[in-house]
Amino acid sequence: MKKYLILFFVAAAAVFQSCNNNDDLWDAIDDLKSRVQALETQVDALNGNVGALQTLYGGATISEVTESEGNYLITLTNGKTLTLVQGSEAEAVIPVISIDEQGNWQVSTDGGKNFTSLGVKAEAEDGVTPQFRVDETTGYWQVSYDSGANFSNVLDTAGQPVSAVGSGEVTDKFFEAVRVEGDNLYIKLLDGQELNIPILKDFLCRIITTTEGVQMFDSGVTKRFDVEMRGVDAAIVTAPKGWTARLTDPVEEMAQLIVTAPGTLSATTQTRATADTSEDVAILATSGKYSCIAKIQVESTGAEAVAPTISIANSATIAPTDVTLSFDVTLSSNADGWKYICQKSEVTEAPDAAKILAEGTAVAGTSVTVEGLEAETSYTIYAVAYVGDLTSEVASVSNTTAAMPLDPNDYYASGVEINGVRYDQNSEGARTLDFAADAAEDDLLVTLPGSSTVSFIGKNESSYELHTKRDGGATIAADQIFIGRYADQRPVLKIGNYIALRNVGGTVAFKNLVVDCTETPVNYSFLISNNNDGSQVGGLGTLVFEDCEIIFSKPALISLSGAGANSIGNMIFRNCKIAYAGTANSNFIVANQSGLTGTDGFQNLVFENNVIYMTTEALAANVIFNGQNNTFSNLNITFDHNTLVNYLPSGGQGAVIVAAGCASFVSLTYNLYYSTPTLLRGSNVFGVRMTGGNPSTIGTMSPNAGYGTFNKSTDTFKNYYGGAGAEMTIFAESPFSSVDAANGKFVKTSDAAEYGSTLE
């Protein structure tokens, strides 16, 4: 029966047009080259398929097949890998390659109708593998029989060269079908011929080498190679004349092939072996009726054996981590490989070469990264190179692992900024507050020391909540910073009673906390007032709330009642959810007392990216900052990207921020004011109002947006009281797709996306 191994290769069809001038000629030549170059990947696939099919056709057995996007990676039972590529990315003239009845390669250029012998064997010991290419200068198919050293044109039956980019039959794949069917690899060629090759998953004999190609031996040297063996019933080892080779019994599917070069070399053994000759060390392994041959090529240098050398150094490119150290080695050319032992430098007993060879870790390559180490610890690595039974002197080098990286989730370790100031475990007065599950309520008091303190509040496993002093008011007389320690947790801190702010020029800040002010028995949570003896010791330099949830139910959060000449220089609320759980009218910050004489001390009022809301849909007149009766001549106001839901004025002052005067409106932009339509407010709602006239400096005051209804159709939302450009954008439809006032969740529509807070 005539045997055909057919491979189809396809490239884009082209017709060489006649040219009227040199430019046309060169354009045509360039076009031909680019089209031929586009076929390179497919030519490589063709040559790979020819070699793979020749190996499979010659009786190879398969251990494993994996497929990915039309490519089949085939592992033979001797460990060799082949690749079959199904399909192509272009169309081209079809060369059909097959094997005739005499075992010679032949080619067809007319789709398999007629064949021309290539005159070389495909099978038997002297069989060769043809290698194809397309000549980019002519576009002709060419073939080589000497591994690409020389090429000649492929000729058709008329003796003419065959163009790859001319007219001809085309296809878009190399095989009719390739697939795994049970325990067989099924291949159907385009001429209809079928191959079924068994897959022996439990049969493998693979020689593992640390270097590729010919294995070089000095005179008389013995080398050992690991051999992976699975399902092998029997094995026969052969070696060239003068060489010895033996195979140990496998242990856990791993044996050793021990090869020794001759001590005195003949002329034949001094010449490097070529494939499929007697210069191979081979293992013939059998499994039932199947067999495979695993082999390596060996060559002796004829030189007297000398011990290898090795030096080791800390890696110049890979820095230490807290758990790894990397090292580079330099090996002499005769080294077969190297092993190492890495141990803490504090261990005084260094391993010798014998111990390293017996217990050490073998490395492929000239670098290694040792893992699983301890942070900030010195380690010494000891290394030995070997060639056969000869070993180098022990080389060593020491290095120290890096410190354990800071956990970015732990603010105490990694640090966190509040209003541009960084706080961490090294800050003055830094302390951690963690509370065990068995902590009683009285044990959960967060004290306010008289010295500066940075409190990192961690886990509270108790059923009780942290709180400040409940029996009478507490006093802050030094810098106090309160931080929820872990970024992914927000501890609850209850304000048990009002806190008097008496840290003139100092700072009080809250970060990543739920500040619950609903338990205060008075109408405020933070108070600026004179000392009991009337002395002016009240006030604060800066009060900051960042990334907090603030909930209060009394008429005010901060009161300047009786403060006299005292003030808060900077009041900053950033990225907070501020919930008012009361029903009466409220002023978040009360600064309208007639006795307030320290108004010049107020410098900045900043609200950025907050959600300020009432937890119920009750109508109340609410003001963020009420300084109606006082002029704050040095106060600069910034109010940007805030969402206000029902926490709005209704009549009265009519503004979210109101005072008799200030230094400047720095910015009033992208705020979203929302009033439930059923809550009929009594007047316009202004973002800012200065009852004594607008300040001389007015920054950016728009855009802003509002939604809701009022008593009169003329009532609406406005940016600020007085001046041009006061009108806001008014939404006819709700800017929220859902409203959950109880939990402070307001989901904006796409139309309102640019307004209000980015907080959920």
Charges on Cβ only, +1 for Lys and Arg, -1 for Asp and Glu, centred on the Cα centroid of the chain; of Val387, Asn196, Tyr464, which one is farthest towards the dipole's positive end? Tyr464
Counted charge near Asp516, where neighbours are those whose Cβ lies closer than 14 Å (Asp, Glu -1; Lys, Arg +1): +2
Based on DSSP, what percent of beta bridges with both residues in region 575-760 are antiparallel, to the nearest 5? 10
Expected 222 nm ellipticity per residue - DSSP helices of 4 or more, -39500 (n - 2.57), all of the chain, to 500: -2000 deg cm²/dmol
Using only Cα atoms, find the angle between the long axis of helix 22-37 and the longest principal axis of the chain, and express it within 0 to 90 degrees, rounded to the nearest 10. 90
Given the Cα-Cα distance of Glu349 and Lys241 and 0.36 nm per residue of separation, how much length would full extension add, in nm? 34.3 nm
Give, as a single signed number, the net charge of other residues whose beta carbon lies under 9 Å from the beta carbon of Arg490, with Lys and Arg counted +1 and Asp and Glu -1. -3
What does the charge count around Ala478 come to, taking other residues whose C-beta lies under 11 Å from its C-beta (Lys +1, Arg +1, Asp -1, Glu -1)? -1
Beyond 18 Å (Cα-Cα) in this structure, taken from Lys223/Lys295; Lys577/Lys718; Lys469/Lys494; Lys459/Lys554; Lys554/Lys745, we find Lys577/Lys718; Lys459/Lys554; Lys554/Lys745
Using Cα pairs closer than 8 Å and at least 6 residues apart in sequence, work out the relative contact order for region 575-760, in percent. 20
Rounded to 0.05, the calculated FRET efficiency for the beta carbons of Thr758 and Ser68 at R₀ = 45 Å is 0.55
Dipole of the chain [Lys/Arg +1, Asp/Glu -1 at C-beta], most positive-end residue of Tyr498, Gly627, Ala52: Gly627
Three-way shape label, region 603-650, alpha-carbon gyration tensor, a/c 1.5: oblate
Taking mean projected area of the Cα convex hull in nm² straight from the coordinates, which label in [x] 54.7; [y] 29.1; [z] 47.7 is the correct one? [x]
Using the charge dipole of region 294-436 (Lys, Arg: +1 at Cβ; Asp, Glu: -1 at Cβ; taken about the Cα centre), state which of Ile296, Thr400, Phe435 has its Cα farthest towards the positive end. Ile296
How much length is gained if the chain between Asn743 and Val363 is pulled fully straight, taking 0.36 nm per residue apart and subtracting their Cα-Cα distance, in nm to one decimal? 130.9 nm
Compute the distance from the alpha-carbon center of region 655-720 to that of region 365-418, in whole Å. 62
Cβ-placed point charges (K, R +1; D, E -1), dipole of the chain about Cα centre in debye, nearest 20: 2540
With r defined as the distance between the Cβ atoms of Val251 and Gln160 and R0 fixed at 60 Å, what FRET efficiency is calculated, to the nearest 0.05? 0.45
Report, by chain and number, residues whose modeled amide H sits under 5 Å from the one on Ser567, excluding near sequence neighbours (fewer than 5 apart, same chain). Leu540
Mind checking the full-extension length gain between Ser750 and Asp438? Use 0.36 nm per residue of separation minus the Cα-Cα distance, one decimal, nm. 107.5 nm
Along the Cα→Cβ direction, 7 angstrom out, place labels at Asn150 and Ile208. What is the inter-label distance in nm? 4.4
Under the classification rounded if a/c is under 1.5, otherwise prolate if a/b is larger than b/c and oblate if not, where does region 286-330 fall, given a ≥ b ≥ c as square roots of the Cα gyration tensor eigenvalues? oblate
May I ask you to derive the relative contact order of the chain, considering only C-alpha pairs under 8 Å and at least 6 residues apart, and to give it as an integer percent? 6
Sticking with the crude label model, points 7 Å out along Cα→Cβ, report the distance from Thr729 to Thr700 in nm, one decimal please. 1.4
Nearest 10, in degrees from 0 to 90: the angle of helix 40-57 to the longest Cα principal axis of the chain is 50
Applied in sequence order to region 342-350, the curve 6.51 cos²θ - 1.76 cosθ + 1.60 (Karplus, θ = phi - 60°) yields integer Hz couplings, x standing for Gly and Pro, of 10, 9, 4, 5, 5, 6, 7, 7, 8
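Read-outs throughout are calculated quantities, based only on the coordinates presented, and are distinct from any laboratory measurement. Keep in mind that this is a model prediction, so the values were computed, not measured. Every residue, glycine among them, receives a Cβ derived from its backbone with ideal geometry; neighbour counts consider all protein chains shown.
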